[in-house]
Structure formats: structure tokens, C-alpha cells
Amino acid sequence: MTPAQVEKLIGGYATGTLTGEERRALFAAALDNQELFDALADEEALRELLADPAYRQRLIRLLAREKPGLAGRLAGWLRRPVPLALAGGLAAAGLTVVVLLREPATTPPAVQVAAQRPAEQSLPAPPSQPLPAPASQPPAAAAEDKPAPAAKAKLVKEPPPTPDVTVPAALAEKPAEKKEADELRKAVAPATPVAPAAEQAALRQEAAEVADVPRRTSRLASASAPVAPFRHYLERLGEDGTYTQMATGTQLRAGDAVRLVVEAAESGHLSVVLRNRGGERPLFATVLAPGSRHTIPADGSLPSEAGERSLRLVYSRMRIGAAEAVSMQLFGRRDEREKAAAGPAAAPMTASNVTAPAVTVDIPLAYK
Amino acid sequence: MDRERILAALRERIVAYAASRVGRDQAEDLAQEVLLVLERKYAEVAPMEELMPLAFQILRFQMTGWRRKAARRGEYNQVAVQDVPLADLGEDPETRAGRIEMRERLEAAMAKMEDRCRELFRLKLEGNSFGEIQERMGAGSINTIYTWDSRCRRRLLELMGGSWR
């Protein structure tokens with residue numbers, strides 16, 4: 001046996017494979033070769049391990065088993081926690097992308113919502129300057145916010161609407177819609193914080209902007225489902241001394257006792273302003289709670305002298321938003337009762353959150 | 001080769017081996033301890049094929065004990081004598097843990113080996129000699145089996161991270 005052959009025998013030492021002659025040859029070589037001796041001494045740990053019959057049988061069983069194929073190895077890899085977590089994460093991300101891509105297709109077209117709310121256009125616009133587009137507003141959005149004059153004239157010529165108008169939600173519940181609403185809010189919001197001195201001007205601008213809300217709400221509605229945050233209708237005092245809901249298109253006469261009823265479906269801020277040719281007068285401002293019902297005015301009825309006037313309802317879902325901006329401008333600071341009703345989450349009014357999206361509804365009242 | 005010459009050669013090899021593993025200072029003592037055990041307890045064992053495995057086994061025990069003692073004596077981690085627990089004559093947890101770890105590594109490495117190596121190793125574990133393995137595997141000569149086995153051992157050692165321990 002050549003020295004090279006003898007060195008190859010080392011593999012048989014730990015397993016006890018060597019015959020007597022092979023062992024003698026290996027050990028004799030190890031006594032002359034330090035490297036081989038060291039390897040044999042190191043092999044002792046393995047030999048000791050394999051000397052355990054139970055473990056030896058276990059290894060034999062392990063080696064007798066077929067090596068798993070490609071599918072088996074892939075399945076084994078997938079059973080580990082990290083690949084499972086990766087696969088789950090990828091699936092969730094894919095699902096999110098699919099949901100986000102499909103969401104806009106389910107929203108109604110903007111024109112339908114605009115047609116539901118012509119009341120805004122039937123009254124003369126407030127004496128305010130046209131709102132310049134904010135610096136951060138993208139050109140496309142700015143163009144969208146300025147309807148063609150012909151289209152606006154057409155809206156003004158439309159017949160008077162029914163007072164009982166369903167108002168689309170400015171904000172939707174779904175996250176995707178909320179995201180779009182947030183984007184819209186960013187597009188409408190000023191690019192830089194407003195200085196305290198300019199805050200009043202910003203509020204006035206916001207109030208003027210509120211008059212132009214249908215366009216915005218149309219855009220919002222095109223990006224979100226039209227869920228009404230509140231329902232409202234007019235009630236008239238009958239001969240029997242009770243108020244009943246007025247039918248659509250009812251002609252009012254001077255002296256009719258009429259009041260407005262608002263039933264909230266969602267929480268938010270609501271203010272009601274009486275508008276006539278002489279100006280505006282605040283009637284009501286409160287924090288809406290879901291399911292609450294409000295009668296405006298709480299006692300008595302709306303002014304009933306002959307002439308044309310309107311009620312402007314400004315709703316904002318934000319704690320401090322366009323509605324509150326209007327109400328604060330008109331009424332001053334909220335009283336303590338409202339603050340208490342608003343709860344601990346009420347945020348201080350700042351220039352940055354004044355621009356929350358709002359919904360306005362104008363209800364024309366024509367007393368003959 | 002008679003026992004005396006075998007022991008003399010063994011001493012030289014053990015000193016060199018121990019010097020490379022635990023240092024020259026301890027190598028002489030370790031070799032002396034191994035030979036002392038062989039002389040006292042296995043004085044009747046003369047054949048080289050029996051004496052050598054005994055020497056390897058005793059050397060391993062001596063080195064393990066030396067490492068344990070060195071760790072216990074280390075100045076950096078000296079403790080009061082009353083804090084030193086009584087020695088357990090059985091297998092210590094470290095050795096047990098090391099053996100378990102080695103088993104796991106060995107199984108993992110074997111699972112990754114090529115089919116021929118797995119078959120060869122299995123036949124060896126079943127107690128077959130290289131001659132029998134040659135017949136079972138249909139190799140042309142026993143040298144082929146030696147070569148295969150040598151390569152498989154190197155591969156296994158490589159999969160184990162270069163050391164059996």
C-alpha cells in the first residue's frame with residue numbers, strides 16, 4: 001500500500017471500517033507522519049460520536065432516506081418562517097395595490113353630484129373676489145376649479161331646486177378615498193404657513209372659497225362615494241299647531257312659520273347662516289354628533305317677511321375646518337359648551353388646518 | 001514494531017500535536033499524562049492497531065480536561081473557592097451541549113452530501129469493510145473506494161466548517 005493510499009484510509013477510522021491490515025498501515029503511517037497523526041487525533045471526536053450505536057442507527061436512517069427533489073426542497077424552504085413572512089408580505093402588498101387600482105372605478109361620475117346640488121348656483125355669489133389659485137395647486141387642478149363661463153351660466157339658469165337636497169360627503173370612510181381627499185386638501189391648501197397677521201385674510205379667503213365649494217365637492221365626490229354626512233329639510237307650522245315636513249317645490253307665503261331641521265349621520269361641525277340682500281346673519285353653529293337632530297331656530301321660526309333669502313349650511317368634518325373658520329369669523333370664539341362637546345381631541349385652530357374640506361348647501365327661501 | 005518503540009514514537013507525535021493545539025508549555029505534560037495512563041492501565045496492550053486508538057482517546061480526554069482546568073484557573077475569571085461548585089463526575093453540560101451541537105452539524109452536513117458519498121458513508125456505518133463496500137458499490141478496485149472515501153471525508157469536513165468539533 002503506497003503512502004498516498006494509506007492516507008486515504010483515514011476516512012475509515014472514525015466509522016470503524018478498516019480491516020486489521022488497514023489499521024496497522026494507517027497507524028504506522030501516522031507514527032511517521034505528523035500531519036496524518038494530527039488528522040487522526042482530530043478524527044477522534046467523530047469516532048466518539050459514531051461509537052454511540054443509537055446515533056449510528058439514526059444516521060443510517062437519515063442517509064437511507066431519498067434526498068428530497070426540487071419540489072421537496074422548495075416546500076421545505078417555504079415552511080421556514082422567513083420565507084413565509086416574505087410571501088405573506090408580498091401577498092398583502094399585491095392585494096393593497098389591486099384594491100387601490102380598482103377603487104377609482106367604483107366612484108360615481110362628478111357630473112351626477114353636481115346635478116344634485118344646483119342650489120348653490122341658484123343664488124347670487126357672495127361679494128367676494130375670485131379666489132386666486134394657491135401656489136401649490138397643480139395647473140390641472142386649477143383648471144378644473146375654474147369651470148367654463150358657459151357652463152356656469154347654464155347652472156344658474158336651472159330651475160330652483162328642492163330644498164331637501166342630499167349632500168355628498170366631503171370625506172369618505174374608506175382609506176383610499178380619505179387619501180384622495182387628503183391630496184385634494186393639499187392641493188387647495190396654501191403652500192406656506194400663514195402668518196398670524198394674515199390669518200384673518202386667510203379666513204376670509206376660506207369663507208369666500210366656501211361659496212365655491214360645489215366645484216370642490218364635485219371633485220371630492222368624483223373621488224369618493226357620495227355618503228351624506230347629514231340630512232336636512234324644511235318644516236312648516238300647520239294649522240294644527242305642529243310642524244310638518246314641506247313637500248318639494250312648496251311655495252312659501254309671507255308669514256309662514258318655517259324652520260330648518262338637520263339630522264346628522266356623521267360627526268362634524270355645522271354652521272347655518274341666513275343670507276339676504278342686506279348681508280349675512282349667523283343663525284346656528286354646533287358640533288354634530290351622529291344621529292343627532294337639530295331644529296333651526298331652536299324656538300320659533302325663520303324670518304317670514306316677503307322677499308328672497310337663503311340659508312347657507314356649512315359642514316366640515318374636521319374639528320377646525322372651513323365651517324368653523326366661517327363660524328369663528330362670524331361668531332367669534334366658540335363658547336365653553338361647544339368646547340366641552342368637542343371633547344379632549346379638539347385641536348387649536350391654526351392656519352394650517354383651517355383649510356379642511358367643507359360642504360356647503362344653500363337653501364333658497366322665497367316668500368311671496 | 002514493539003510496544004516500547006510505538007510508545008516512543010507516540011510521545012513524539014503527541015507532543016507535536018498538543019503543542020499545535022494547546023501550546024508548547026502544556027504539550028509535554030499532556031504527552032506524559034497520556035503515556036502514564038497507557039502504562040498504568042493498559043500495560044498489556046501491545047499491538048499498534050489497539051494501542052493507537054487508545055492513545056487518541058486518552059489524549060482527547062486529557063486535552064478536554066486541560067481546557068476545562070485552564071478556564072477554571074484563569075486569572076481573569078478567578079472566583080472564591082467557596083463559590084466553585086463540586087465537580088460532577090458525569091458529563092458536564094458544556095460537553096453535552098457540544099456533542100449535541102456536533103450531532104446537529106453532522107446531520108446537516110450529511111444531508112447536503114452527494115448521493116455517492118451518502119451511500120458510501122451509510123455502508124461504512126453499517127459496518128462494511130472497504131472491500132465489501134467495493135462490491136456493494138460495484139467499483140473497479142478498492143483504490144477507487146479509498147479515493148471516493150477520502151474525497152467524501154474532505155467534503156464532509158468542509159460542510160462541517162473545517163473541524164469535527
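Annotations for the structure displayed:
- Among residues of the stretch A:254-298, those that are assigned to a strand (DSSP E or B) and touching a residue at least 12 places away in the same chain (Cβ under 8 Å), counted: 28
- Residue satisfying all of: in the stretch A:49-63; farther than 15 Å from B:Arg153 by Cβ and facing another protein chain (nearest Cβ under 7 Å); farthest from the chain's Cα centre (by Cα) among these: A:Arg56
Here's the yes/no breakdown for (1) exposed (fewer than 12 other Cβ atoms within 10 Å of the Cβ); (2) more than 19 Å from B:Arg155 (Cβ to Cβ); (3) more than 10 Å from every other protein chain (Cβ to nearest Cβ):
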residue: B:Leu86; (1), (2), (3): yes, yes, yes
residue: B:Glu94; (1), (2), (3): no, yes, yes
residue: B:Gly98; (1), (2), (3): no, yes, no
residue: B:Glu107; (1), (2), (3): no, no, no
residue: B:Met113; (1), (2), (3): no, no, no
residue: B:Arg116; (1), (2), (3): no, no, yes
residue: B:Leu123; (1), (2), (3): no, no, no
residue: B:Asn128; (1), (2), (3): no, yes, no
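- Residue in the stretch B:151-158 that is modelled with pLDDT under 80 and either part of a helix (DSSP H, G or I) or in the same structural domain as B:Asp29 (by TED's automatic domain parsing) (or both) present: no
- The stretch B:130-151, subset aromatic (Phe, Trp, Tyr) and at the interface with chain A (Cβ under 7 Å from one of its Cβ atoms), residue nearest to A:Arg61 (Cα to Cα): B:Phe130
- Where B:Lys41 falls short, out of the listed (1) modelled with pLDDT of 90 or more; (2) touching a helix residue (DSSP H, G or I) at 6+ places or on another chain (Cβ under 7 Å); (3) under 22 Å from B:Asp2 (Cβ atoms): (2)
- Put simply, of A:Ser310, A:Ser327, A:Ser271, A:Ser316 the only residue that is at pLDDT 85 or above, out of contact with any Lys or Arg (no Cβ under 6 Å at 6 or more places or on another chain) and polar (S, T, N, Q) is A:Ser271.
Yes/no matrix, rows are residues, columns are (1) of a type in the set (Phe, Trp, Tyr); (2) facing chain B (nearest Cβ under 9 Å); (3) touching a Ser or Thr at 6+ places or on another chain (Cβ under 8 Å):
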| position | (1), (2), (3) |
| --- | --- |
| A:Gln5 | no, yes, no |
| A:Leu9 | no, yes, no |
| A:Thr15 | no, yes, no |
| A:Leu18 | no, yes, yes |
| A:Leu26 | no, yes, no |
| A:Ala29 | no, no, no |
| A:Glu35 | no, no, no |
| A:Ala39 | no, no, no |
| A:Glu43 | no, yes, no |
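The values are calculated or read from the model by the stated rules, or taken from the named source; none is laboratory data. Predicted, not measured: the structure shown is a model, and the values here were computed from it. Every residue, glycine among them, receives a Cβ derived from its backbone with ideal geometry; neighbour counts consider all protein chains shown.
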